[in-house]
Structure formats: structure tokens, C-alpha cells
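Down below is the structure, laid out as C-alpha cells.
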Amino acid sequence: MQAEKYTEALHPEGNRRRILPLGAGCRAATARVLETVGDFALTQKAGEIEAALLACAAGDKSALRRIYDAESPRMIGVAQRLLKRRALAEEAVQDAFVLIWRHAARFDPQRGAGLTWIYAILRNRALSILRDEKRTETSEAPLGEEMASEEDDPETVMSKLSDARALHACLETLPPQRRGLVLLAFVQGLTHGEIAGRLGLPIGSVKSWIRRSLIALKECLG
């Protein structure tokens with residue numbers, strides 16, 4: 001029998017119940033109601049995200065938490081489809097929220113939806129991580145002697161950290177694991193291989209995380 005939606009009605013000959021098919025007009029009306037409810041929910045969510053971004057721009061950290069609570073599970077899923085690994089997806093989301101907070105004042109609701117803006121940031125971070133992970137780096141030189149690029153020279157970055165307060169403040173902006181890698185490299189002077197062996201991490205991940213940490217420190221120092 002062809003599957004149909006039904007509604008129950010009393011059989012006219014007694015108390016037995018029989019199932020009557022829902023009419024096409026009623027099905028169409030139900031579909032319109034569900035579509036309207038769905039559109040309203042999406043519009044309401046978009047408005048809440050937009051309001052939260054504007055609050056972030058005004059310095060309201062609780063607004064960032066609201067965005068995180070509402071969107072982080074979906075964001076991790078999106079990032080994981082690009083990166084194929086949960087740990088990298090979580091890193092991409094964490095980086096994205098740092099950027100969302102830092103650049104919230106750049107969000108302009110007249111130019112696009114808040115959700116679109118947020119997921120564009122996430123996608124850019126995920127693609128950046130993906131590029132880093134695909135790099136084949138085999139050097140075992142101490143991290144302090146290697147340049148990720150001319151503008152991200154570790155020595156240049158670290159030379160700006162002579163101010164202990166600046167060092168502490170900038171390092172605190174890094175995720176704990178990446179902060180630990182920087183300290184192992186620049187305080188203890190360990191090589192890529194030594195850090196990878198000590199922490200049980202792929203050497204490529206150690207190098208790319210250190211590089212991104214240096215970029216973040218450079219941005220923090222201005």
C-alpha cells in the first residue's frame with residue numbers, strides 16, 4: 001500500500017477506530033505551516049547571531065560565549081569535513097572564535113548575514129590549516145633558527161618579546177597546547193623531532209602549530 005499520512009476517526013458503526021487518509025489540501029497546508037515555522041526559526045537565529053556579533057564589537061565577552069554555545073557543534077562538523085580530523089577541526093574552530101572576537105567590529109550587517117561572516121572565517125582558517133598540514137617539512141633544526149617565512153622569522157618575533165609583560169600577555173592568547181610548544185622550542189631549545197617525540201605528535205603538526213603560533217604572536221605584538 002502506498003505510504004500516506006493518516007488521521008484517526010471513529011468508525012460510524014461502533015467504537016472501533018479506523019485510519020482515514022489526510023487530504024492533499026490538508027497536507028499542503030501542513031507543509032506550509034512547517035515551512036513558515038522553519039523560516040521563522042532561521043530568521044530568529046540569524047538575528048540573535050547578528051546581535052551577538054554587534055555586542056562582541058562593543059566588548060561583551062558573554063556574547064561570544066552565546067555564539068560559541070549556539071554554533072560550535074555545527075562549526076566543528078563543517079571544519080571536520082574539510083580537515084578529516086577532529087583535533088584539527090577543533091583547532092580551526094578555536095582559531096575562528098579568536099578571530100571573530102578580534103574582528104567583530106568589522107562585521108557589517110548591511111553587507112551580509114552574521115552566520116555567513118562567521119562561517120567564512122571558519123572556512124578560511126580550516127583551509128589555512130589544511131595547507132599547513134600538507135606541507136612536507138623534514139628539517140630538524142632548532143625552531144629558533146628556522147624561518148616559517150621571511151615575515152614570520154621566529155627570531156624577529158621573539159626579539160619583540162623582551163618585555164616580560166608583553167610576553168606573558170601574548171602567550172596567554174594562545175591555546176594551551178600551542179603555548180606549550182612555543183615554550184619547549186624557545187625556552188628549552190628543543191628541535192621539532194624532540195618535541196614531537198616528547199609529546200607523541202606528528203612532526204608536521206608540531207611545525208605547523210609552531211608556525212601558526214608565531215603568526216599569532218606577531219599579530220599580538222603589533
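Where a number appears in this text, it was derived from the coordinates with a stated rule and is not lab data. This structure is a prediction, so every number in the text was calculated from the model and none was measured. Neighbour counts are summed over all protein chains in view; Cβ atoms, including those assigned to glycine, are modelled from backbone coordinates with ideal geometry.
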Take Arg198 and Gln177, extend 7 Å from each Cα along the Cα→Cβ direction, and tell me the distance between the two endpoints in nm. 1.7
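As a footprinting exposure proxy, order Asp60, Asp108 by other Cβ within 10 Å, with the fewest listed first.
Values: Asp60 14, Asp108 9.
With the sparsest Cβ surroundings first, the list reads Asp108, Asp60.
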In sequence order, calculated HN-Hα J values of the range 206-215 (Karplus, 6.51, -1.76, 1.60; Hz; x Gly/Pro): 4, 5, 5, 5, 4, 4, 5, 5, 5, 4
Order of His103, His168, His192 from fewest to most other C-beta atoms within 10 Å? His168, His103, His192
Rounded to one decimal in nm, the spacing of the 7 Å Cα→Cβ label points at Thr116 and Gln188 is 4.8
Return the long-range amide H neighbours of Thr191 (sequence gap of 5 or more, or a different chain), with a cut-off of under 5 Å between placed amide H atoms. none
If each of Asp60 and Glu133 carries a label point 7 Å out from its Cα toward its Cβ, how far apart are those two points in nm? 3.5
With 10 angstrom as the radius, rank Trp101, Trp117 by how many other C-beta atoms surround their C-beta, starting from the fewest. Trp101, Trp117
Per the C-alpha gyration tensor (a ≥ b ≥ c, the square roots of its eigenvalues), the range 60-120 is rounded if a/c is under 1.5, else prolate if a/b beats b/c, else oblate; here it's prolate
